[in-house]
Amino acid sequence: MIMKPILTLFFIFAVLPLCAQEKYQTTDQFKVGGLVKQELTLSLSSLATYKSYSIDSLVITNHLMQRKYAMKNLKGVLLKDILDKAEIQSATPKELSEFYIVCIASDNYKVVFSWNEIFNNKAGENILVLTEHDGKPAAQTNDRIAVISSSDNATGRRFVKWLKEIRVGRVQ
């Protein structure tokens, strides 16, 4: 009789938490595709061929603007530099306002940027694919490869860890 409640408690406190743990797959490369002239597959080592930008520190906040943690000594490549190399397919400059960019993580988390936000706004100068943070190269971090928009108010909302794909699309 006593065994059944003990097994039930064991299941609730020992087994269920293991099932609820978040599973993720770190990434060492990502693809750039969709409406681009040149699809790309970029690795952490190939990102070293791009110009690097630095941010001293950045507080990561959630949607309620609550501080989660801080990152220091961030280095990365501008998302717009990567998109420039892939070349968005557009017949006229006027059409570019119809394009959007989706950054997709290995756990299927997605964030969206507009073409204007990246190329026609100062925000585009603050959207980085991280190559290093907290004194470690991205290959030695749990969130590799990652994208962050440092000019967002709630920085955690568009912090994409485990980036696997950047997809360019167009509003229909």
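Across the stretch 59-103, what is the total count of residues that are part of a helix (DSSP H, G or I), without any contact (Cβ under 8 Å) to a residue 60 or more places away in the chain and more than 17 Å from the chain's Cα centre (by Cα)?
Going through the stretch 59-103 one residue at a time, the tally reaches 6.
Residues being touching a residue at least 60 places away in the same chain (Cβ under 8 Å), in contact with a helix residue (DSSP H, G or I) (Cβ under 7 Å, 6 or more places away or on another chain), within 16 Å of residue 48 (Cβ to Cβ) and of a type outside the set (A, V, I, L, M, F, W, C): count how many of those fall in the stretch 122-156.
2
Sort out which residues of the stretch 132-156 are β-branched (Val, Ile, Thr) and either out of contact with any Phe, Trp or Tyr (no Cβ under 9 Å at 6 or more places or on another chain) or at positive phi (or both), and write them in order of number.
If the condition is that a residue be β-branched (Val, Ile, Thr) and either out of contact with any Phe, Trp or Tyr (no Cβ under 9 Å at 6 or more places or on another chain) or at positive phi (or both), then 141, 155 are the ones that fit.
Looking only at residues in the stretch 142-170 that are over 14 Å from residue 131 (Cα atoms) and of a type in the set (D, E, K, R), which one is farthest from the chain's Cα centre (by Cα)?
170
In the set 113, 159, 99, 119, which member is farther than 20 Å from residue 49 by Cα, modelled with pLDDT of 95 or more and in contact with a Phe, Trp or Tyr (Cβ under 6 Å, 6 or more places away or on another chain)?
Answer to the check: 99.
The values are calculated or read from the model by the stated rules, or taken from the named source; none is laboratory data. Just so it is clear, the structure is predicted and the values come from calculations on it, not from any experiment. Ideal geometry is used to build each Cβ from the backbone, glycine not excepted, and the neighbour counts take in all protein chains shown.
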